[in-house]
Amino acid sequence: VGPQAFRAACAPPTCGPRLGSCPRRVRSPAPARGGMEQRIAKAWRPMLVYGTLKRGMENHKRYLGIAEEKGKAAFVGEASTIARFPLAMRPLHIQPSTGAPILLDREGEGASIEGEVFEVDDSTLQALDLLEGVGEPGRYYRRHVDVRMLKDGEIVRCEVYFFPASAELLALQRVARYTWEHHAAYCPPGPPREDIISLCRGHASHGLETETPCPLRVHCLRLLPGEDLLSSLRAFVRQRGLPAVVILTCVGSTSKTTLRPAGVPTAKVFEGKFEIVSLTGTLSASGHHLHMSVSDSDCKVVGGHVLEGCIVRTTAEIALGVLGGVRFVRPLDERTGYDELSIVPRLAGAEAAEKRCADQDID
């Protein structure tokens, strides 16, 4: 787009439906519901998975991965239990005959168990309980266990599935980590269960506000010439596992600038030398929603949704605010037809444990 097209784009936009950071799903918005709406979401449960629910493995692909896609679960990071437990592979003659890993509730025996921490909503937890047979005789049950996050040493109290111990199971060879070699011998009990999938796909309630103010931490970064603004921000957030991020400020310039205007399904690409007038929005590993305005050499301004293809010309100096106590996810909101921001409270135990560790270091 040349200078004339740039100036033409400065004309006031016509009214139209808002387009989010992702293409719109083909679905009609639901009518507004009457009555008082639940505006504050329930806190999700941290859960340590150590077997077939880990990313890429069979039951993650069948179930937990679906919940992630629907904005009902989120990967937090890798962790290991603080206490030691026995972990073994269940013999095929013990039902269900899948050869799945079993964690035995004998604290102090075995090894510190490695796994992955997810935060899940209530219906996803219900789905996983069905998968593991919670409440059935001789099947898994869950209880709380403290784990240490590998990325930063944070202590998190998680739900963990245990299998009833017996003398036979306690005599099995033990491992500290369920590997892809172990997973190659896993035998799923049948096709994916529709009742579990339905819970993983179920309606995700939208948290619309916080109940109390969020504490704020700040990350700062500078992008260099040639770097893509959106790709760089997403990578920064993803690599650090930041659950809820807001753009505090940005000053810099772009050359090629790719924006989606209001009410228009296609992007506009501007070529030239531009100053970043404003950058605002929210990000997390679950998605983003960013708007940017840029001005040309005549101080004419255009703005829109930020897409990949906004290339830093000289610099981009950015401050990111990381909100404590909440997670940003983006499930489908049937009222708008878009994947919209949902503000999910995080359980306070992890942050309190982290503060206790920091206080002990000070002492």
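For the stretch 258-266, backbone phi angles converted through the Karplus equation (6.51, -1.76, 1.60; θ = phi - 60°) give residue-by-residue couplings of 10, 10, 9, x, 5, x, 10, x, 10 Hz, Gly and Pro being listed as x.
What share of Cα pairs, in percent, lie more than 29 angstrom apart in the chain? Distances greater than 29 Å cover 50 percent of the Cα pairs. Each peptide in 261-271, 50-60 gets a packing score, the mean of other Cβ atoms within 10 Å over its residues, and the list from highest to lowest is 50-60, 261-271.
Relative to the first principal axis of the alpha-carbon coordinates of the chain, what is the inclination of helix 229-240, with its axis defined by its Cα atoms, in degrees from 0 to 90 and to the nearest 10? On a 0 to 90 degree scale, this one is about 20.
Highest mean first, the peptides 324-336, 96-108 sorted by other C-beta atoms within 10 Å per residue fall in the order 324-336, 96-108.
Report in % the part of the accessible area of the chain that belongs to carbon and sulfur, leaving out ligands and nucleic acids; probe 1.4 Å.
Details: 9720 of 17980 Å².
About 54 percent, which is the carbon plus sulfur part of the accessible surface.
Per-peptide packing, taken as the mean over residues of other Cβ atoms within 10 Å, places 238-244, 274-280, 168-174 in the sequence 274-280, 238-244, 168-174 from highest down. Pairs exceeding a 32 Å alpha-carbon distance, out of K72/K151; K61/K151; K42/K256; K70/K300; K70/K268: K42/K256; K70/K300.
Take every Cα pair under 8 Å in the chain that's 6+ residues apart, average their separations, divide by the length, and report that relative contact order as a whole percent. Walk me through the intermediate numbers first.
Working: 804 pairs, mean separation 83.3, N = 363.
The normalised contact order for the chain reaches 23 percent.
Here the extension length gained between V269 and R106 equals 52.6 nm, from 0.36 nm per residue of separation less the Cα-Cα distance. Residues whose amide H lies under 5 Å from that of V76, counting only those 5 or more places away or on a different chain, are V117, F118, E119; hydrogens are built 1.01 Å from N in the peptide plane. Based on protein heavy atoms only, the chain ends up with 50 Å² per residue of surface accessible to a 1.4 Å probe.
Shape of the stretch 104-197 from its Cα gyration tensor (a ≥ b ≥ c, root eigenvalues): rounded if a/c is under 1.5, otherwise prolate when a/b > b/c, or oblate? Could the numbers behind the result be given before it?
Working: a/c = 1.44, a/b = 1.11, b/c = 1.30.
Taking the square roots of the gyration eigenvalues as a ≥ b ≥ c, the stretch 104-197 is rounded.
Here's the picture: charge each Lys and Arg Cβ at +1 and each Asp and Glu Cβ at -1 in the stretch 165-209, and of H206, Y178, A165 the one pushed furthest to the positive end of that dipole is Y178.
Of the candidates V49, V306, V218, which one comes out as most mobile in a Gaussian network treatment of the chain with C-alpha springs shorter than 10 Å? Maximum fluctuation in the GNM of the chain, among the listed residues, is at V218.
Taken one residue at a time, the phi angles of the stretch 105-111 give Karplus couplings (6.51, -1.76, 1.60, θ = phi - 60°) of 7, 10, 5, x, 9, x, 9 Hz. Gly and Pro are set to x.
The values are calculated or read from the model by the stated rules, or taken from the named source; none is laboratory data. It should be emphasised that the depicted structure is a prediction, and the values quoted were computed from it without experimental measurement. Note that we place each Cβ from the backbone using ideal geometry, even for glycine, and neighbour counts take in every protein chain shown. For the accessible areas, the whole protein counts, side chains as well, though only heavy atoms, and no ligand, DNA or RNA atoms are used. Shrake-Rupley method; radii C 1.70, N 1.55, O 1.52, S 1.80 Å.
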